[in-house]
């Protein structure tokens with residue numbers, strides 16, 4: 001993805017949150033954001049392709065957290081805190097709350113994107129739980145796969161506007177609560193103590 005196009009997509013995402021884009025069409029983007037259709041079509045041939053790239057950026061920004069940070073030998077709880085902090089920092093670029101409305105207009109594209117995102121998170125959660133058990137800070141009587149699947153089911157739930165109306169519950173809050181709930185449910189007492197101590201030093 002070219003850098004100039006990446007910047008256009010970032011602008012679209014930030015503006016989508018502030019100005020409430022509804023369908024992300026070329027026409028709406030030009031009317032609301034002032035970005036000409038001709039400019040976007042330098043990089044994509046259709047609105048459908050633009051949506052694919054917009055969702056790809058979302059996945060890339062989340063995955064880049066694990067490329068930027070070297071988590072080798074790092075405490076498993078510290079890893080979760082770092083990921084949560086990075087998500088909060090770049091929330092508009094990684095949050096599905098910005099693009100979930102595309103599910104109705106582009107169901108196939110959105111589902112493919114969602115499946116890729118979920119699979120990536122599922123694998124990382126499994127790695128984290130395994131690491132925490134080996135480090136002695138997570139309980140060792142846990143089913144790693146079951147816990148990872150439960151986490152994913154919660155992740156899917158917080159995307160459901162019927163369960164968590166966005167006007168009442170922000171995705172930022174739900175994401176942070178879900179992270180804390182995961183840590184508290186799988187940690188040994190010393191792990192929870194460590195988490196509570198470290199959490200006071202982490203600014204989201």
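The values are calculated or read from the model by the stated rules, or taken from the named source; none is laboratory data. Everything quoted here is computed from the prediction, not taken from an experiment. Neighbour counts are summed over all protein chains in view; Cβ atoms, including those assigned to glycine, are modelled from backbone coordinates with ideal geometry.
Here are a few things to note about the model shown:
- Residues (free of Cβ contacts under 8 Å to residues at least 24 places away in the same chain, surrounded by 12 or more Cβ atoms within 10 Å (Cβ to Cβ) and farther than 20 Å from residue 113 by Cα) located in the stretch 1-31: 15, 28, 29, 30
- Residue-level check: of (1) more than 15 Å from residue 56 (Cβ to Cβ); (2) crowded, with 16+ Cβ neighbours inside 10 Å, residue 34 misses just (2).
So that you can scan it fast, the table gives a plain yes or no per residue for (1) modelled with pLDDT of 90 or more; (2) closer than 28 Å to residue 111 by Cβ:
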site	(1), (2)
32	no, yes
53	yes, yes
64	no, yes
70	no, no
75	yes, no
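- Residue selected from the stretch 122-142 under the condition over 21 Å from the mean Cα position of the chain (by Cα), touching a residue at least 24 places away in the same chain (Cβ under 8 Å) and in a helix (DSSP H, G or I), by the criterion surrounded by the most Cβ atoms within 10 Å (Cβ to Cβ): 132
- Filtered residues of the stretch 156-174 (kept if at pLDDT 75 or above and in contact with a helix residue (DSSP H, G or I) (Cβ under 7 Å, 6 or more places away or on another chain)): 163, 164
- Selection count where residues are in contact (Cβ under 8 Å) with a residue 40 or more places away in the chain, in a helix (DSSP H, G or I) and surrounded by 15 or more Cβ atoms within 10 Å (Cβ to Cβ), scope the stretch 143-190: 7
- Residue 131 vs. criteria under 24 Å from residue 64 (Cα atoms) and modelled with pLDDT of 75 or more: yes
- For the residues 38, 46, the requirement of being modelled with pLDDT of 90 or more and within 19 Å of residue 105 (Cα to Cα) singles out 46.
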